[in-house]
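K.L.:
Before I ask anything, let me first share the structure, which is written out below as structure tokens.
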Amino acid sequence: MTHAERHRVLVEALAGTIKPVRPLWPVRARLGLWLLLEALVLVWAATHTGNDFMRKFGHLDYALEVALFAAAATLAAMLALRLAIPGRRAGPTEVALSVVLALVGIALVAIGEPMRTGYSLGEFLSVGVGCAIETCLLAALPWIALWWAVKRGAPMRGAAAGASTGAAALLFAFALMRIKCPIDDPLHILTWHLMPVLVITALSALAGAAWLRFRPRGGGGESRT
Amino acid sequence: MDIPVSIQPSGPGIRAGMDRPSGGGGGRCAPTPFVAATEAPCCAYTPESRIERLSEGSDAIAGSAARMKKADDAQRLERSRIRAHLMQRLQQGDADSCRLLLDDVGPAVTRFLRGRVASDEVEDVYQEIFMALFQARHTYEAGRPLEPWLFAIARNVAADHSRKRWTRASWEELTPDLPERAAGDSPAAPPDIEGLLTRLPAAQREAFAMLKLDGMSLEDAAGRAGVSVGALKVRAHRAYKALRKLIGGEGEGA
């Protein structure tokens, strides 16, 4: 069979099984929905805390910290959704901007308050582990939603898409934890709020490399209607 | 960005005289330029004719090259618009647009694959790319050029293929000479299948004979045996297992 004949057979087979598909919504629309979900999580976090965050928002560095992490998360989410579309990629400027925003936020956390060292190890651990778990829980639903949204596309670079997805969900959770958690001690925040962000983002990148990357299935007739 | 675009005069391409696209972005693809792009300039232009024209005289080179580049860009743009429009129709489930688009991008995909995959594997990868394009068709964003989307998928499939090939090759060990046999070894004699078959239960023997010796299909063999396809598969599987065991036992005994 010649190439032209094979091509004809292939095209006829594909055309014969074609069904209408619903194209992906634009990145902005999907990002908007994800931010809406994050807003709902924010409302829940704000109504289930003993932290007087409204008073703290009067301090510029605190407000800036929360805003920077939220902005970095939004940018990461946008990159993740964009990576789900073949031919569109995360620009180096946008990646760099996201990283810089997060780093400036971390720097603000580190220099915002003097570090306390008077904790007993037991106290440090018992309080901290709870915060780490809470950070992960706050990120869980947005992470699942964003993973699903990215998976619905066809990401060509699984690890990058996974890392962006993890970074988006966890950075937002970090910002939410600054609202929810009453402790402002940099050592506590950097250890128990930031470490889960880094660890889960790395795990998300690994998971993305394994499961998020677009791999065509054997049959050609499937469609996502 | 380097966007490969098919401008091959030979082979399948967007045909003039197709149903004019309608609806969903029709305003962007007006009838006149659509027909114009698919008839005159596209067919009149060939790389060879450009070379001939360039060799006519050095004075004309600068002017004609500029004109051709302009025409080239316009054609490319128009063709990209048509492809994008066809892709939108494909997303809506239009089989004719699917045929037109895949025929048009076929030569470009083939060219893309040359040099990226081994020549004896081009057909396989070509097919995989088309399957992938088809499966990922919902991810194409209307209003954007098709080519970056198309070639990102093609690149991904080709890279996957190369990776698999490399992994396979890394497990294979090439040796210059066949390993020498130990002095006492004798070349293994082919197993006596017929003799071994007599040692199988009748139902398993029948299943094996129909499928492997007579070359019957599962359905036909199941019909003849008067059992379901599943039951026949089970019998055949048991026969394979028993034979493997018998052959292994003979080998050890020899």
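K.L.:
So, R0 is 30 Å and r is the distance between the beta-carbons of A:TYR119 and A:LEU141; what FRET efficiency does that work out to, to 0.05? Can you show the working numbers first?
P.N.:
Numbers: r = 31 Å, r/R0 = 1.04.
For R0 = 30 Å, the calculated efficiency reads 0.45.
K.L.:
On the full set of protein chains, 1.4 Å probe, figure out the accessible area of B:ASP214 and give it in Å² to the nearest 10.
P.N.:
100
K.L.:
Hey, got a sec? Which GluC sites (Glu not before Pro) in region B:110-172 land in a DSSP loop and have at most 10 other Cβ atoms within 10 Å?
P.N.:
Values: sites: B:GLU121, B:GLU123, B:GLU128, B:GLU141, B:GLU172; in loops: B:GLU141, B:GLU172.
Passing sites in region B:110-172 are B:GLU172.
K.L.:
When a/c is below 1.5 the answer is rounded, else prolate if a/b is larger than b/c, else oblate, so apply that to region A:89-132 with a ≥ b ≥ c taken from the square roots of the Cα gyration tensor eigenvalues. Don't jump to the answer; show the numbers that get you there.
P.N.:
Working: a/c = 6.21, a/b = 2.25, b/c = 2.76.
It comes out oblate by the Cα gyration axes.
K.L.:
Let me ask something additional. Counting only trypsin sites (Lys or Arg not before Pro) that are in a DSSP loop and have at most 15 other C-beta atoms within 10 Å, tell me the longest site-free stretch of chain A.
P.N.:
Numbers: sites that count: A:ARG116, A:ARG217, A:ARG224.
With a cap of 15 other Cβ atoms within 10 Å, the longest stretch comes to A:1-115.
K.L.:
If you don't mind, there's one more thing I want to ask. On a 1.4 Å probe surface of the protein chains, which of A:LEU206, B:LEU218, A:LEU212, A:LEU24 comes out largest in accessible area, and what is the full order? Mind showing how you got there, number by number?
P.N.:
On the way: A:LEU206 120, B:LEU218 55, A:LEU212 0, A:LEU24 25 Å².
Order by accessible area, largest first: A:LEU206, B:LEU218, A:LEU24, A:LEU212.
K.L.:
Under 20 Å from the Cα of A:LYS56, which lysines turn up, not counting those fewer than eight places away in the same chain?
P.N.:
A:LYS180
K.L.:
Work out the charge dipole of region B:81-160 with +1 on the Cβ of Lys and Arg and -1 on the Cβ of Asp and Glu about the Cα centre, then indicate which of B:HIS138, B:VAL157, B:THR110 is farthest towards its positive end.
P.N.:
Most positive-ward Cα: B:HIS138.
K.L.:
For helix A:121-152, what angle does its Cα long axis make with the longest principal axis of chain A, in degrees from 0 to 90 and rounded to 10?
P.N.:
20
The values are calculated or read from the model by the stated rules, or taken from the named source; none is laboratory data. Keep in mind it's a predicted model, so treat the numbers as computed, not measured. Using ideal geometry, Cβ is built from the backbone for each residue, glycine included, and neighbour counts are taken over all protein chains shown. Heavy atoms of the whole protein, side chains included, go into the accessibility calculation; ligands, DNA and RNA do not. Shrake-Rupley method; radii C 1.70, N 1.55, O 1.52, S 1.80 Å.
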